[in-house]
Amino acid sequence: MDLGIHGHVAVVTASSRGLGRACAEALAAEGVRLVLCARNEQSLRETEAALRSAGADVVGVAADVTDPATPERLVAAALERYARLDIVVANAGGPPPGRSLDVDDDAIRGALEANLLTSVRLVRSALPHMRAGGWGRLCCITSYSVVQAIPTLALSNTARTGLKAWVKTAAADLAAEETGITLNLVCPGPHATERMQELGGGAGPMGDPADFGRVVAFLCSTHAAFVNGASVVVDGGATLAL
């Protein structure tokens with residue numbers, strides 16, 4: 001299926017590895033031009049080179065997504081190189097594990113900064129340019145923990161559920177504007193990524209990151225124009241959220 005986004009421009013954050021990279025690869029396969037972002041410059045350059053060797057038009061920006069100035073830097077990079085911005089995939093690495101009764105205020109603030117405010121800021125920065133173009137796709141990557149809390153990931157559960165509430169509200173606001181812009185949440189379960197290895201792996205089956213990337217690419221397509229304010233769970237039935 002042709003997703004109808006060849007030549008469009010996307011910003012994808014935390015995209016040097018894992019699910020973020022899978023999203024970038026899926027979009028690149030559709031001919032989307034990319035602005036990538038990651039903290040680790042070496043990993044970012046390796047991903048940038050791999051995508052370019054596969055035929056993608058891509059630029060990498062080494063930056064920390066928790067820096068409030070980063071969203072504007074990424075938007076500026078897209079406009080400077082491509083003179084447009086059509087798609088945003090807001091992703092960020094998860095916070096460390098911890099029990100709910102053990103995490104302190106600073107840890108909670110850090111999780112909210114990394115896994116809620118980073119996405120909010122990027123959406124806000126991108127919106128004026130999407131409104132000007134009369135079209136846009138915004139996808140925030142979170143976790144299946146917004147459906148079913150993961151006992152050892154209290155910080156992630158808290159911040160990501162807050163992001164879900166914000167996305168639901170903002171998507172309704174966008175629908176009222178009738179600007180052709182959609183905003184959705186994508187909630188992965190365990191996938192075969194380095195993050196899962198860092199957390200000790202999973203007890204059950206794990207998804208293929210490439211499949212996850214293709215789900216996100218569809219939500220960013222012309223065919224998903226009537227999908228807005230949705231929480232798309234990609235977890236192989238781990239939560240059975242019917």
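The values are calculated or read from the model by the stated rules, or taken from the named source; none is laboratory data. The structure displayed is predicted, hence computed values, not measured ones. Cβ: placed from backbone, ideal geometry, glycine included. Neighbour counts: every protein chain shown.
Below is a table of values for the structure above.
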item	result
Scan of region 27-52 for residues that are in contact (Cβ under 8 Å) with a residue 40 or more places away in the chain, more than 18 Å from residue 118 (Cα to Cα) and crowded, with 24+ Cβ neighbours inside 10 Å, ordered by number	27, 32
Options 119, 145, 125; residue that is of a type in the set (Gly, Ala, Ser), modelled with pLDDT under 95, in contact with a helix residue (DSSP H, G or I) (Cβ under 8 Å, 6 or more places away or on another chain) and assigned to a helix (DSSP H, G or I)	145
Filter result for residue 147 (closer than 18 Å to residue 237 by Cα and more than 15 Å from the chain's Cα centre (by Cα))	yes
Residue tally, condition more than 18 Å from residue 4 (Cβ to Cβ) and either among the hydrophobic types (A, V, I, L, M, F, W, C) or part of a loop (DSSP other than H, G, I, E, B) (or both), over region 15-58	19
Any hit, region 80-95, residues being more than 17 Å from the chain's Cα centre (by Cα), closer than 30 Å to residue 225 by Cα and part of a loop (DSSP other than H, G, I, E, B)	yes
Which listed residue is modelled with pLDDT of 90 or more and either over 15 Å from the mean Cα position of the chain (by Cα) or crowded, with 20+ Cβ neighbours inside 10 Å (or both), from 203, 159, 192, 210	159
Residue that is modelled with pLDDT of 95 or more and touching a His at 6+ places or on another chain (Cβ under 6 Å), where the choices are 67, 86, 57, 106	86
Residue among 92, 107, 111 that is under 25 Å from residue 156 (Cβ atoms) and in contact with a Pro (Cβ under 7 Å, 6 or more places away or on another chain)	111
Residue 32 being modelled with pLDDT under 95, among the β-branched types (Val, Ile, Thr) and out of contact with any Phe, Trp or Tyr (no Cβ under 6 Å at 6 or more places or on another chain)	no
